[in-house]
Amino acid sequence: MSRMMGDHPLQRRSGFPTGAASGRIRQSTKSRGMLDIRMTGNQTVDEQVVLNGADTRSTNPGRRHIMRFGSRGAAGLAALAGLKIADATAAASGTPQTPAITTNDYYSLALIQNIQYLEATYYLYAVTGQGLSAADTAGIGTPGTVTGGSAVPFQTSIIQQYASDIAADELTHVRNIHAESILNGFAMPDIDMQTAWTTMAIAAGLIVPGQIFNPFADETSFLLGAFFLEDIATAALGFAIQSLSYHTNLTYLGALLGAESYHAGTIRTLLAKIGGGAAANKIAVLRASLSGANDDSGILQPNGDVNIGPFGSQALLFRRSYAQTLNILFLSSGATAGGFFPNGVSPAFLPMALG
């Protein structure tokens, strides 16, 4: 199996695994410190890094813990996938209980969980050289394995910092979904972090047959891979919000969409700065083609100016149906498996259930 068992090092407040486990994490000592504890308080990243390309580090950064679980009482993140929580006081007073989750909500949230598995796996490998722990991938069904994936040899501190921050966010998302989902949600399916990227890159015209695209090889490739994933997540969340009926799920997914949009905007900004706009535009064209609709936009506008987001004519985020989202993830229209989920998503019948 490609992921390590037990706690993930990003969860720990200090230090990294020692012995055999430490050998699997291919980051420098200085890089590891960035992964354990994330930035907090006033942002210490010099804006000149983005604006002028300077590679600076704060000498006295504020810090915060990676995980943002906060208060986790009975009313905490109530019922991400419809889990009803009714405390004794409410029951005694006759307060109406939360309505049962609909089938549509249940399977819609299952797709979002699959996307979060994929994103967390990508970023965690990029910054630590390993994926999710066994506890983080468990659920209904047999947890899958990850093919490929490795630590990115970051050369620019600002890119590495953002990658570490997003990785910690995605790990938190996966764990929150597990903690609050009914029956602990579905297990992680098999994920391809190797062949699928080359298939995507050839289809997008980034490379030609016979070449290999590895998003973990360098910073530019990493940002292009992140660009491919982030806009998939935001468009799927935008559609889910308009289709769900259970208010607690809507509230959570609205906040999740905000977080993913920040991630996507950051990736676009970094790519624009390093001249990755033309390649990103090819990826956007591929996503639009696979979805079967004109529902994407890259980083560069026709006149060469940068484009801040994948917005439609009303300057609103494109929203993709579940079928359109799965077409992109499978890298094939109408398929039920393939691409980044070579054996399908979890549960396997999800594409049919979503229609």
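Quick one: LEU206 ticks every box in (1) in contact with a Pro (Cβ under 9 Å, 6 or more places away or on another chain); (2) open to solvent by 30 Å² or more (accessible area, probe 1.4 Å); (3) over 26 Å from TYR107 (Cα atoms) bar one, so which box is it? Failing condition for LEU206: (1). For ILE140, are the conditions met, namely being farther than 18 Å from PHE340 by Cα, in contact with a Leu (Cβ under 7 Å, 6 or more places away or on another chain) and in contact (Cβ under 8 Å) with a residue 12 or more places away in the chain? Criteria met by ILE140. Taken over segment 212-235, residues that are open to solvent by 10 Å² or more (accessible area, probe 1.4 Å) and part of a helix (DSSP H, G or I) amount to 4. Checking the structure you have, find out if any residue of segment 332-351 is surrounded by 18 or more Cβ atoms within 10 Å (Cβ to Cβ), modelled with pLDDT of 85 or more and either of a type in the set (Lys, Arg) or part of a helix (DSSP H, G or I) (or both). Scanning segment 332-351 turns up at least one residue that is surrounded by 18 or more Cβ atoms within 10 Å (Cβ to Cβ), modelled with pLDDT of 85 or more and either of a type in the set (Lys, Arg) or part of a helix (DSSP H, G or I) (or both). A residue that is surrounded by fewer than 18 Cβ atoms within 10 Å (Cβ to Cβ) and out of contact with any helix residue (DSSP H, G or I) (no Cβ under 8 Å at 6 or more places or on another chain) can be found somewhere in segment 236-250.
Of all the listed residues (ILE207, ILE177), the sole one being touching a residue at least 60 places away in the same chain (Cβ under 8 Å) and touching a helix residue (DSSP H, G or I) at 6+ places or on another chain (Cβ under 6 Å) is ILE177.
Scanning segment 267-280 for residues that are buried (at least 19 other Cβ atoms within 10 Å of the Cβ) and within 20 Å of the chain's Cα centre (by Cα) gives ILE267, ARG268, LEU270, LEU271, ALA280.
Figure legend. Inter-residue proximity from segment 239-258: first residues small (Gly, Ala, Ser), second residues open to solvent by less than 20 Å² (accessible area, probe 1.4 Å) and modelled with pLDDT under 85, beta-carbon distance below 7 Å, spacing 6+ or different chains. Indicated pairs: SER245/ASP105.
The values are calculated or read from the model by the stated rules, or taken from the named source; none is laboratory data. Fair warning: this is a prediction, and the values are worked out from it, not measured in the lab. Heads up, the Cβs are rebuilt from the backbone with ideal geometry, glycines too, and the neighbour counts pull from every protein chain shown. The area values use the complete protein model at the heavy-atom level, side chains included, leaving out ligands, DNA and RNA. Shrake-Rupley method; radii C 1.70, N 1.55, O 1.52, S 1.80 Å.
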